[in-house]
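J.: One structure, as structure tokens, below. Some questions next.
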Amino acid sequence: MNIRVLIILSLLVGMGAVLHIITPPLLFGMKPDMVLCMMFLGILLFPKLQYVLLVSIASGIVAALTTAVPGGQISNLIDKPITGLIFFALVLLVGDKLNKNISSPILAALGTLVSGVVFLSVALFIVGLLEGAFTQLFVLVVLPATAANIILMAIIYPIAQNIMKRSQSFSIS
């Protein structure tokens, strides 16, 4: 593994944690998961299985530590690796067929929807609220988080891509 890539991925997870902490809650203390967006960015920038697994597990741990959702700790630990692998498969499937600046927000939306379904399913199973709560939480939390991740990814992916191109000439000693 490349130490430069590991440093960048750890910075992304850290930025995601800070964004997650400062994001205001939408419903009963539930917040859109900004760690997820940074995880997606890491996967887009470094689409290799070893990095995907690493950033997914690290994101799951950080999100579990910062969540206020009942049952959210276990849900995050399950959700992030599953979502990361599915997102990675989508990235490989899309490949170079679409412009990355266009495909990244679309992939972020699909990934956020997958993450929301997995997270809510596990969390509601653990808490024991499967009747009707899923639909309400999906509409009130997952869909706004999806919109936020689309906007955020549309803004930060081109910037990150530009920074990565410029930093190729510099090496970390």
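J.: Could you go through the range 21-35 and let me know if any residue there is open to solvent by 30 Å² or more (accessible area, probe 1.4 Å) and part of a helix (DSSP H, G or I).
T.: yes
J.: Is there a residue in the range 100-108 that is touching a Pro at 6+ places or on another chain (Cβ under 8 Å), surrounded by fewer than 18 Cβ atoms within 10 Å (Cβ to Cβ), modelled with pLDDT of 85 or more and farther than 27 Å from ILE3 by Cα?
T.: Taking the range 100-108 as the starting set, the residues that turn out to be touching a Pro at 6+ places or on another chain (Cβ under 8 Å) are 101.
In the following step, the residues that additionally are surrounded by fewer than 18 Cβ atoms within 10 Å (Cβ to Cβ) were identified as 101.
Still in the list and also modelled with pLDDT of 85 or more: 101.
Restricting the remaining residues to those that are farther than 27 Å from ILE3 by Cα gives none.
No, every residue in the range 100-108 fails to be touching a Pro at 6+ places or on another chain (Cβ under 8 Å), surrounded by fewer than 18 Cβ atoms within 10 Å (Cβ to Cβ), modelled with pLDDT of 85 or more and farther than 27 Å from ILE3 by Cα.
J.: If you check LEU54, LEU44, which single one turns out to be over 29 Å from PHE125 (Cβ atoms), touching a helix residue (DSSP H, G or I) at 6+ places or on another chain (Cβ under 7 Å) and either surrounded by 17 or more Cβ atoms within 10 Å (Cβ to Cβ) or β-branched (Val, Ile, Thr) (or both)?
T.: It is LEU44.
J.: Then there is this: Return yes when LEU113 is out of contact with any Gly (no Cβ under 8 Å at 6 or more places or on another chain), part of a helix (DSSP H, G or I) and open to solvent by 10 Å² or more (accessible area, probe 1.4 Å) and no when it is not.
T.: Details: out of contact with any Gly (no Cβ under 8 Å at 6 or more places or on another chain): yes; part of a helix (DSSP H, G or I): yes; open to solvent by 10 Å² or more (accessible area, probe 1.4 Å): yes.
Taking the combined requirement at face value, the residue satisfies it.
Each row is one residue, and each column tells you yes or no for (1) over 17 Å from THR67 (Cα atoms); (2) in contact with a helix residue (DSSP H, G or I) (Cβ under 8 Å, 6 or more places away or on another chain).
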| residue | (1), (2) |
| --- | --- |
| PRO81 | no, yes |
| ALA109 | yes, yes |
| ALA133 | yes, yes |
| VAL139 | yes, no |
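J.: Restricting to the range 63-89, count the residues that are among the aliphatic types (A, V, I, L, M) and closer than 22 Å to LEU107 by Cα.
T.: Within the range 63-89, the first condition is being among the aliphatic types (A, V, I, L, M), and the residues that meet it are 63-65, 68-69, 74, 77-78, 82, 85-86, 89.
Adding the requirement that they be closer than 22 Å to LEU107 by Cα leaves 63, 77-78, 82, 85-86, 89.
The number of residues fulfilling the criteria is 7.
J.: Name every residue in the range 127-143 that is loosely packed, with under 15 Cβ neighbours inside 10 Å and in contact (Cβ under 8 Å) with a residue 40 or more places away in the chain, in order of residue number.
T.: Passing the criteria: VAL127, LEU140.
J.: Within the bounds of the range 135-142, is there any residue that is modelled with pLDDT of 85 or more, closer than 13 Å to LEU36 by Cβ and under 20 Å from the mean Cα position of the chain (by Cα)?
T.: yes
J.: List pairs: first residue in the range 5-16 and within 18 Å of PRO47 (Cβ to Cβ) and open to solvent by 30 Å² or more (accessible area, probe 1.4 Å), second residue assigned to a helix (DSSP H, G or I) and not hydrophobic (A, V, I, L, M, F, W, C) anywhere in the structure, Cβ distance under 8 angstrom, at least six positions apart or on different chains.
T.: ILE8/GLY42
J.: Any idea how many residues of the range 72-106 are within 18 Å of ILE21 (Cα to Cα) and either free of Cβ contacts under 8 Å to residues at least 40 places away in the same chain or not in a helix (DSSP H, G or I) (or both)?
T.: Restricting attention to the range 72-106, the residues satisfying the condition of being within 18 Å of ILE21 (Cα to Cα) are 72-73, 75-77, 80.
Okay, now just the ones that are also either free of Cβ contacts under 8 Å to residues at least 40 places away in the same chain or not in a helix (DSSP H, G or I) (or both), so 73, 77.
Number of matching residues: 2.
The values are calculated or read from the model by the stated rules, or taken from the named source; none is laboratory data. It should be emphasised that the depicted structure is a prediction, and the values quoted were computed from it without experimental measurement. Positions of Cβ are generated from backbone atoms using ideal geometry, with glycine treated the same way; all protein chains shown enter the neighbour counts. Surface areas here come from the heavy atoms of the whole protein model, side chains and all, with no ligands, DNA or RNA. Shrake-Rupley method; radii C 1.70, N 1.55, O 1.52, S 1.80 Å.
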